[in-house]
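S.K.: Starting off with a structure, shown below.
The values are calculated or read from the model by the stated rules, or taken from the named source; none is laboratory data. None of these values were measured; they are calculated from a predicted model. We place every Cβ from the backbone using ideal geometry, glycine too, and count neighbours over all the protein chains shown. The protein model used for the area step is the full one, side chains on, heavy atoms only, and it has no ligands, DNA or RNA in it. Shrake-Rupley method; radii C 1.70, N 1.55, O 1.52, S 1.80 Å.
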Amino acid sequence: MGLPNTLFTRDNIDVLPGIDSNSVDLIYLDPPFNSKRLYSAPIGSRAAGSSFKDMWSWQDVDDERLEVLAEHYPALVSFIEGIHGLNGPSMMAYTTYMAQRFIELRRILKPTGTVYLHCDPTASHYLKCLMDAIFGAGNARNEIVWHYDGPQSPGKKDFATKHDVILRYGKSDKLFVSKDDMYHLSLVEEPELSTRYRKDEQGRWFYDLPRGDYTDDSIERLKHEGRIRWTRNGNPRVKYFLESTPDGVRRRKKLSDVWNDIPSLGLTGGAKENTGYPTQKPLKLLHRILKASTRKGDMVLDPFCGCATTCVAAQQLGRKWIGIDIEEKAADLVVERLSDDAGMFRDFVHRKDIPVRSDVQHVTPSPTVKESLFQKQKGICNGCMTDMRIVDLEIDHIVPRSKGGGDYLENYQLLCANCNRIKGNRPMEYLRVKIRKRREAVASLTFGE
Ligand SMILES: C[S@@+](CC[C@H](N)C(=O)[O-])C[C@H]1O[C@@H](n2cnc3c(N)ncnc32)[C@H](O)[C@@H]1O
Ligand SMILES: [Zn+2]
């Protein structure tokens, strides 16, 4: 059973391991961009008092989870080490921090799901490589440019920076797409009409295309609907009519990957939805994303939800949602905003604890559990790989409970007392690296001279 609409106030790296695998249809994330700024909301705005930092150092990286990267993504680790040389330690810390989260996000996303990573040119090129490594380069679908207008930044030697980048990836090629929501009606200018389109007897403008995949039966049906034009050579072409609206003739056109029809909220702008929360995104942007990649009732996750734009958009469109933000002030704003914007919807849960996965079987450690683990491991300590008697082995949580690792069979193993002491309250990869280093040290002592 999945979570109800829930807001978590906590570091997302703690919450994500407690969310079921393959349980979310869409992830939108708008993490801090490594812009080396401290964002604060203006005094007097609804968000006053909220701020978040966008400066990175190695302290932001969860050291205990580093081994997960080393163990499963060695090529990515080399790439991140390269970033240190290219861009310095701060970008290296930032990309490591993000990679740790992407791994969990991929696990949580359904095979039919889509992830939208909102970033800007400061780090988008590094983040794209990370996404290629973790979600798969073949699952990259779009690099969307969100182009907006807003105050100019004076005095810089650059052209005004006026776009963000949204990287869109599926988890597989089975990703769900609402095709109708990928089109829009765009106005066709007068001169273009007569040069590019034809008019039928009833004065309706149309363009036509070769039959493509249409079968003979479909062509017959379209003929009855008045949608076939025959060429001089007797070949059918399928007519597509332009739509007449009060302000002109419009053509149904696929949205491009450059979005320039969604204004940004600007910190002091008068938009009703503007809370003043730093880097708040417009609801229209989230509506477009959610409509294109989810259906009603689907689950949407935003692990850096800020003032909950994604959650509000999801609520308005009848989708379920989970929002996570580390800031207390963000939570106050979410509560206030959801009650305002979504009116009657107050039915959501606010939590600060770590959720427990429901897609794995929960069992408390017992002699029976120990016996079955002993059989499974063939009497060998999972750390040092030494043969042991059952009395000399201890039950250990592979991912510690304090890090979201639950009481379930897949998370138990047997370790000898020595390995268990070294591992302590840390993930298994920590112990593996320690043992490897110890062996290397012993080997160099032995063969050193
Ligand atoms: C760019 S803002 C998101 C703005 C959001 N899209 C909106 O429309 O309001 C980034 C957010 O990530 C949050 N954040 C930073 N590190 C976090 C972490 N480790 N876990 C959860 N939230 C985090 C910050 O508090 C901030 O609210
Ligand atoms: Zn051992």
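S.K.: Pick out which of R436, R237, R101 has the largest mean-square fluctuation in a Gaussian network model of the chain, springs linking Cα atoms closer than 10 Å.
M.R.: Largest GNM mean-square fluctuation: R237.
S.K.: Lys pairs in the stretch 367-447, Cα-Cα under 16 Å, at least 8 apart or on separate chains: how many?
M.R.: Lysine pairs meeting the criterion: 4.
S.K.: Can you give the FRET efficiency for A137 and R436, using 1/(1 + (r/R0)^6), R0 = 35 Å, r = Cβ-Cβ distance, to the nearest 0.05? Can you show the working numbers first?
M.R.: Values: r = 30 Å, r/R0 = 0.85.
In this case the efficiency is close to 0.75.
S.K.: What whole-number distance in Å separates the alpha-carbon centres of the stretch 108-176 and the stretch 405-439?
M.R.: Using only Cα atoms to place each centre, the spacing works out to 36 Å.
S.K.: Packing-wise, with mean Cβ within 10 Å as the measure, how do 399-408, 308-317, 215-224 rank, highest first?
M.R.: Put in order of decreasing packing, that is 308-317, 399-408, 215-224.
S.K.: Looking at this model, which pairs from K320/K352; K199/K291; K174/K320; K254/K281; K174/K329 are more than 29 angstrom apart at the alpha-carbon?
M.R.: Over 29 Å apart, Cα to Cα: K199/K291; K174/K329.
S.K.: Note down the nm distance, to one decimal, between modelled labels 7 Å out along Cα→Cβ at A271 and at S402.
M.R.: Distance between label points: 4.2 nm.
S.K.: For the chain, can you list the cysteines whose C-beta has no other cysteine C-beta under 4.7 Å from it?
M.R.: C119, C129, C305, C307, C311, C384, C419
S.K.: Tell me the angle of helix 283-293 to the major Cα principal axis of the chain, expressed in degrees between 0 and 90 and rounded to the nearest ten.
M.R.: It is inclined by approximately 80 degrees.
S.K.: While we're on this one: In square angstrom, rounded to the nearest 10, how much accessible surface does F79 have for a 1.4 Å probe?
M.R.: 60 Å²
S.K.: I would also like to ask the following. For R357, R141, give the ranking by accessible area with the largest first, probe 1.4 Å.
M.R.: The most accessible residue leads, giving R141, R357.
S.K.: Here is a follow-up. Antiparallel DSSP bridges in the chain: what percent, to the nearest 5?
M.R.: Of those bridges, close to 70 percent are antiparallel.
S.K.: So which residue, out of K156, K284, K376, gets the largest mean-square fluctuation from a GNM of the chain using Cα contacts under 10 Å as springs?
M.R.: Judging by the Gaussian network model, the answer is K156.
S.K.: Taking springs between alpha-carbon atoms closer than 10 angstrom, which of L415, L209, L290 fluctuates most in the Gaussian network model of the chain?
M.R.: Comparing L415, L209, L290 in the GNM, the peak value goes to L209.
S.K.: Determine Rg/Rh for the chain; Rg is computed over alpha-carbon atoms and Rh is the Kirkwood hydrodynamic estimate from the same atoms.
M.R.: Value, to two decimals: 1.07.
S.K.: Still on this structure: Which value at 222 nm does the chain reach when only helices count, each DSSP H run of 4 or more adding -39,500 (n - 2.57), with the total divided by all residues and rounded to the nearest 500 deg cm²/dmol?
M.R.: Computed ellipticity for the chain at 222 nm equals -9500 deg cm²/dmol.
S.K.: Now for a different question. Could you give the dipole magnitude of the stretch 367-447 about its Cα centre, charging the beta-carbon of Lys and Arg +1 and that of Asp and Glu -1, in debye to the nearest 20? Walk me through the numbers on the way to the answer.
M.R.: Working: 15 positive and 9 negative charges, 72 e Å.
Magnitude of the dipole: close to 340 debye.
S.K.: I'd like the accessible area for R252, computed on protein heavy atoms only with a 1.4 Å probe and all protein chains in place. Round to 10 Å², please.
M.R.: Rounded to the nearest 10, that gives 120 Å².
S.K.: For D213, D173, D302, write out the residues from largest to smallest accessible area, computed with a 1.4 angstrom probe and no ligands counted.
M.R.: My answer, sorted largest first, is D213, D173, D302.
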